[in-house]
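Let me begin by presenting the structure, written as structure tokens, before commenting on it.
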Amino acid sequence: MTLNANTMAEAAAEYLSSLSPAERVDQQPEVLRFVRWFGAEQPPADLGLRQVETYQSQVEATGADVALRLAPLRGLLRFLEAQNYIGENLAKHIKVRRASTRKSAAVETVEAEVVQLTPEGYKQLQEELDHLTTIVRPQISAQILEARRDKDIRENAPYHAAKDQQGMVEARIRELEHVLAGAEIIGQGVGVSRGRLGIGSVVVLRDLNFEEEVRYTLVSPSEANPREGKLSIASPVGKALLDNTQGAVVEVDAPAGKMRYRIERVII
């Protein structure tokens with residue numbers, strides 16, 4: 001097979017173009033996030049197990065939904081192997097289901113006492129649930145039905161990919177239903193006491209490793225969405241920030257080394 005892509009950016013573009021329009025919309029943000037992290041101009045052949053494991057560990061450290069964040073990467077890795085851009089099956093090292101199970105257990109532990117959501121967070125989770133049940137679930141069912149027309153499902157990659165996605169989507173639906181059923185709606189900044197950070201706080205941090213500023217809203221694990229700057233209080237960074245005040249420096253152990261942040265401003 002003749003290889004067409006010289007860089008990871010080009011390979012990712014090929015992968016995204018191979019997807020349906022709906023799949024492309026769902027997967028593109030996470031695929032491009034990984035490409036930027038790895039290096040858009042790096043050759044795909046330089047990608048190995050160490051990078052995959054490091055990236056997965058960093059995603060887990062954010063407190064995000066690991067299954068949903070890493071599913072697009074798994075698809076990209078399968079594509080790279082199929083096109084001979086990489087020489088091994090790195091997708092098998094993405095422990096999507098195992099990570100999702102750990103996250104669900106952690107969420108249940110934190111939320112067994114109370115599920116606190118901001119009004120915006122409650123609305124977004126309800127919209128996500130509606131989208132998954134009315135649009136995504138039927139789409140996946142149709143994909144499985146189409147893939148099953150190839151009777152030899154043992155080597156049917158589209159069938160297995162659709163089944164994997166179906167399992168993750170159904171798990172997310174159950175999680176959302178559980179969270180929304182027991183949610184307590186709180187106002188922004190309710191968790192703040194005498195300037196100390198808590199759930200609902202909006203804070204500006206300076207990353208002392210890279211001298212960059214980042215802005216986060218501290219939220220419950222169920223509401224976490226790093227792409228929107230919503231940081232789970234159950235994540236390593238979120239835990240380190242809790243009950244601190246403006247000017248404090250916090251340290252977090254991460255796979256890539258120790259991360260240091262200074263709390264520049266507490267907005268709410």
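Read the figures in this text as sums done on the coordinates, not as results from a lab. Here the structure is a predicted model, which means the values were calculated and not measured. Don't worry about glycine lacking a Cβ; one is built from the backbone with ideal geometry, like all the others, and counts go over all protein chains shown.
A few remarks follow.
- Added length on full extension, which subtracts the Cα-Cα distance from 0.36 nm per residue, Gln246 to Arg262: 4.9 nm
- By the beta-carbon count within 10 Å of each Cβ, the least crowded to most crowded order of Leu205, Leu49, fewest first, is Leu49, Leu205.
- Computed from the Kirkwood radius of its Cα pairs, the Stokes-Einstein diffusion coefficient for segment 202-266 at 25 °C and 0.890 mPa s stands at 208 µm²/s.
- If you bin all the Cα-Cα distances of segment 119-185 at 5 Å, starting from zero, the percentages per bin are 3, 17, 23, 18, 13, 10, 8, 5, 3, 1.
- Among Met168, Met8, sorting on how many other beta-carbon atoms sit within 10 Å of each Cβ, with the fewest leading, yields Met168, Met8.
- Note on segment 1-99: Cα-only Rg and Dmax are 12.6, 40 Å.
- Measuring nothing but how far apart in sequence close Cα pairs (under 8 Å, 6+ apart) lie, relative to its length, segment 119-185 scores a relative contact order of 47 percent.
- Remark: Val35, Val202 ranked as Val202, Val35, counting other beta-carbon atoms within 10 Å and listing the fewest first.
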